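**Student:** Pasting a structure here, questions to come.
The values are calculated or read from the model by the stated rules, or taken from the named source; none is laboratory data. Everything numeric here is computed off the predicted structure, so don't read it as measured data. Don't worry about glycine lacking a Cβ; one is built from the backbone with ideal geometry, like all the others, and counts go over all protein chains shown.
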Amino acid sequence: MFAKGQTVIQYMEQLAPKHVAMEGDKIGLQLGSLQKEIRGVLVALDVNEEVVEEAVEKGVDLIIAHHAIIYRPLAHLQSDTPMGKLYEKLIKNDIAVYVAHTNLDVTDGGMNDWMAEVLGIENGSPIDDIHTDDLYKLVVFVPKDHHQRVLDAILNAGAGQIGNYSHCSFNIEGYGTFLPGEGTDPYIGQQGKMEKAEEIRIETLVPASIRSKVIQAMLKSHPYEEVAYDLYAVDLKGRSLGLGRVGKLAEPVSLNSFVQRVKEKLEVPAVRVVGDLNRQIKKVAVIGGSGGRYWKTAMFRGADVLVTGDVDYHTAQDALMAGITIIDPGHNAEKIMKPRVAAWLAEKLSDDKYDTKVHVSKVNTEPFVFM
């Protein structure tokens, strides 16, 4: 059995929720339809002619890419232009293209965490916050014999996170009263008779981003046909997600040594470096893609070096004078996402017994040749 397109994307959006993307980012389904069975998925950094040919050869129905193929509004769709030919080939072969960009960058366990992990950055935190979850207090009343079942369902759905503590809740025993009316089928008691039941009041915190998921889990596990619960906003903020990661290395190293680590771990043949190669590096900031404009923020966060792509000449000059070093491995270093996204999707599909195959694109989409 093959997964439907919407099912594959539901898995993808568990990893990279759309609501955490930066405003105006071009994400989501960009071409084709998800209303079909997906025999195969190809995970790519970019979508170019070679990647589309690879997709055709592998017989996939969906490409999941990091970079958009439609970034600006189209003035026309002419099949005699390079991009027009690309779109035409995708459409003729019924291959959909879905994009996860800044939502994949900022999410926990996403692009910037992967880059921080391979570079040895410990306890990394965002360089610049862009999304903070609002919090809600959930209160639900449960009969004693179903208390643990409902509590587990709520907490396992993601409620109850306070800082680095998970599964936090407060539980109070008491009595609930109700009178089942005509047409009811009460779990406890009978129609037309006042009932007094031993119940437990569960209280916990729910982030806005998973509010629907938690409520659905609660309702599914609760035995009552009419569940008594309250959900109200509280004047607290949940976890923050943001661009980049900054943290310390296990041991200080020279900039020269760290440069070699960057080349090896990000699999790039060359990097551009700003700063003294003999300088000792302890705290590192990393931003996938083009993050040169965040050098001041990285320096304010105490970073000795910023690892990011596409740094322009004047930004490099300003950073050099300010005393922060920069390593530019290029934008294509983000290819680190391909095997990791593929592994995530493959595991989800396998767990649910789907036969849909997930492929890692073998095409090198680096536009530069290093001489």
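**Student:** For residue 350, are the conditions met, namely being surrounded by fewer than 20 Cβ atoms within 10 Å (Cβ to Cβ) and among the polar types (S, T, N, Q)?
**Tutor:** Judged against the criteria, residue 350 is a match.
**Student:** Where residues in the stretch 190-201 are of a type outside the set (D, E, K, R) and either more than 46 Å from the chain's Cα centre (by Cα) or farther than 16 Å from residue 222 by Cβ (or both), which of them is surrounded by the most Cβ atoms within 10 Å (Cβ to Cβ)?
**Tutor:** Only one residue tops the list, namely 191.
**Student:** Any chance the stretch 258-274 includes a residue that's at positive phi and not in a helix (DSSP H, G or I)?
**Tutor:** Yes: the stretch 258-274 contains one or more residues that are at positive phi and not in a helix (DSSP H, G or I).
**Student:** In the list 162, 202, which residue meets the criterion of being modelled with pLDDT of 95 or more, within 13 Å of residue 137 (Cβ to Cβ) and of a type in the set (A, V, I, L, M, F, W, C)?
**Tutor:** That would be 202, the only listed residue that is modelled with pLDDT of 95 or more, within 13 Å of residue 137 (Cβ to Cβ) and of a type in the set (A, V, I, L, M, F, W, C).
**Student:** Go through 43, 47, 60, 56 for me and flag whichever is assigned to a helix (DSSP H, G or I) and either of a type in the set (Val, Ile, Thr) or more than 30 Å from residue 134 (Cβ to Cβ) (or both).
**Tutor:** None of the other options fit; the residue is 56.
**Student:** Evaluate the following for residue 265: is it within 22 Å of residue 339 (Cβ to Cβ) and of a type in the set (Lys, Arg)?
**Tutor:** yes
**Student:** From the list 118, 150, exactly one residue is of a type in the set (A, V, I, L, M) and in the same structural domain as residue 228 (by TED's automatic domain parsing). Which is it?
**Tutor:** 150
**Student:** Has the stretch 19-37 got any residue that is surrounded by fewer than 16 Cβ atoms within 10 Å (Cβ to Cβ), in contact with a strand residue (DSSP E or B) (Cβ under 9 Å, 6 or more places away or on another chain) and within 16 Å of residue 110 (Cα to Cα)?
**Tutor:** There is at least one residue in the stretch 19-37 that is surrounded by fewer than 16 Cβ atoms within 10 Å (Cβ to Cβ), in contact with a strand residue (DSSP E or B) (Cβ under 9 Å, 6 or more places away or on another chain) and within 16 Å of residue 110 (Cα to Cα).
**Student:** Among the residues of the stretch 13-30, is there at least one that is outside any helix (DSSP H, G or I), aliphatic (A, V, I, L, M) and at pLDDT below 95?
**Tutor:** The answer is yes; a qualifying residue exists.
**Student:** Is it the case that the stretch 243-257 has a residue that's part of a helix (DSSP H, G or I), loosely packed, with under 13 Cβ neighbours inside 10 Å and acidic (Asp, Glu)?
**Tutor:** no
**Student:** Which one of these does residue 311 not meet: (1) crowded, with 18+ Cβ neighbours inside 10 Å; (2) in a helix (DSSP H, G or I); (3) not acidic (Asp, Glu)?
**Tutor:** (2)
**Student:** What pairs can you find where one residue is in the stretch 289-308 and outside the structural domain of residue 276 (by TED's automatic domain parsing) and aromatic (Phe, Trp, Tyr), the other is at pLDDT below 95 and crowded, with 18+ Cβ neighbours inside 10 Å, and their Cβ atoms are less than 8 Å apart, with a gap of 6+ or different chains?
**Tutor:** As it stands, the answer is none, since no pair meets every condition given.
**Student:** Could you check residue 319 against (1) assigned to a helix (DSSP H, G or I); (2) surrounded by fewer than 21 Cβ atoms within 10 Å (Cβ to Cβ) and say which number it fails?
**Tutor:** With (1) assigned to a helix (DSSP H, G or I); (2) surrounded by fewer than 21 Cβ atoms within 10 Å (Cβ to Cβ) applied to residue 319, the lone miss is (2).
**Student:** Could you check the stretch 245-299 and list, in sequence order, the residues that are of a type in the set (D, E, K, R) and over 23 Å from residue 110 (Cβ atoms)?
**Tutor:** Selection gives 251, 272, 276, 279, 282, 296.
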